[in-house]
Amino acid sequence: MKILFFGYWGANDGLSQATINPHLTILTQFEKVEKIIYVSIERREEGGFLVPKNAKIEHRPYSSRKRSRFLSKASDFLSIPFFLKRIIKRESIDLVMCRSSLAGGIGYWAHRLTDVPFTVESFEPHADYMAGLGIWSKYGLSYQLQKYLETCQKKYAIRLMPLTLKAKERLIKEGIDESNISVMPCAVDSKQFSFSEKDRNDIRKGLRLTDRDIVGVYVGKFGGLYLDQEAFRIFQKAFEYFEGFYLILINVQPKTLIEARCKEFDLKADRIMHTSVAHHEVGKYLSASDIAFSFHCPFAYSYAFSPIKNGEYWANGLPVVISPSIGDDSEIIERENLGVVLDKNMDIEWSRVVIPDVNNRTENAQVKAATDYRGVENTREVYKSVLIE
């Protein structure tokens, strides 16, 4: 079988590194899979692509570097289906696998041009996300087009793979055949993100921290789908509650934004590290930490969220402070005592945060949760069910 795997982001984007690369590797392990052509959308110049090195994987980037963001997006939807069509025809592709409902919309057009079946993993109500957070208008072209394409994916995809059980339940209520739906949270490489005492000591030594210091880590953005001022208010309270608190922020947002928020909430700049690191380096900073934060915005459609960072935090043995109503994860964390869920006022009872024993970080409840809920075996089983159809 020959597969065209289509991702909506650049190959070096953090989302691709975290959610596509592990899945490509899993697919190569099936004897039935002869070849995988991985198509990413590259919107900036890259010196090289961080794609798994495997004889079965061939990377064919699509260049989408336009001056205008609108023209770039319009070009994506008008041109990429024909780009995919050429690959499908020349390579005799048997199946198109799309990562995200944005990629799925383009995959649907490719399906209509070629009649080759397609699947959509990480399927989510993206149009409603954007409208619900006030980023898109329900009367705007972006919302209307994406909403239409999501409807088409529900109708024509041979398998939808939402990230959460709650999302699956919603799809069934909409009339989608349950046999066409498989829940597939993002797979996490537990070995890559496992706790390392050496990394902990090296990072903390470099930051001039003592064993008594409590370190919090947040991997993610602020604003849009994520909390902004609310997040910094929580950081502020962490500084007040924990003596010797230190904060590590890992994202690509401008330092000016972080500096402005720190000034706004009177946070100690010398006790905050703001950096951007390659995805494979994130685990080192998790090992150096004692608490992790996960700050997606809770709203009507956050039932479909399944933040990859939560699985990575768990794999490192970290307790997670999370927003309420985030996919299945908020309930899992509350039910299994894996951290603390913020209340409806986005506040937290800090006494409930249990700092993990460093000597038990490789085998605590969080590590077990990473295997149970984000292990590669679940992803492998879903792919197996698709490939045998």
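The values are calculated or read from the model by the stated rules, or taken from the named source; none is laboratory data. Everything quoted here is computed from the prediction, not taken from an experiment. Here the Cβ is made from the backbone with ideal geometry for all residues, glycine too, and neighbour counts use every protein chain on show. When the accessible area is computed, the model is the full protein with side chains, heavy atoms only, and any ligands, DNA or RNA have been set aside. Shrake-Rupley method; radii C 1.70, N 1.55, O 1.52, S 1.80 Å.
Miscellaneous remarks
- For the chain, the longest principal axis of the alpha carbon atoms and the long axis of helix 229-241 meet at an angle near 30°.
- Ligands, DNA and RNA are left out, and with a 1.4 angstrom probe the accessible area of the range 288-345 is 26 Å² per residue.
- Note on Ile388 and Asp115: their simple-model spin labels are 2.8 nm apart, each label 7 Å out from Cα toward Cβ.
- Over the chain, DSSP H runs of length four or greater, each weighted -39,500 (n - 2.57), average out per residue to a 222 nm ellipticity of -12000 deg cm²/dmol.
- Rounded if a/c under 1.5, otherwise prolate or oblate - the range 34-180, Cα gyration tensor axes: oblate
- Kirkwood hydrodynamic radius of the range 244-332, Cα pairs, Å: 14.5
- DSSP assigns beta bridges within the range 175-281; of those with both partners inside it, close to 10 percent run antiparallel.
- Solvent-accessible area, 1.4 Å probe, carbon plus sulfur percent, for the range 213-312: 50
- Of all DSSP bridge pairs formed entirely within the chain, close to 5 percent run antiparallel.
- Accessible surface computed residue by residue for the range 81-196, with neighbouring protein chains in place and a 1.4 Å probe, gives 43 Å² per residue.
- Against the chain, whose longest principal axis comes from its Cα atoms, helix 69-91 is set at around 60 degrees.
- Local electrostatic count at Val188 - Lys and Arg +1, Asp and Glu -1, tallied over other residues with Cβ under 14 Å: 0
- Helix 197-206 axis, angle to the chain major axis (alpha carbon atoms, nearest 10°): 70
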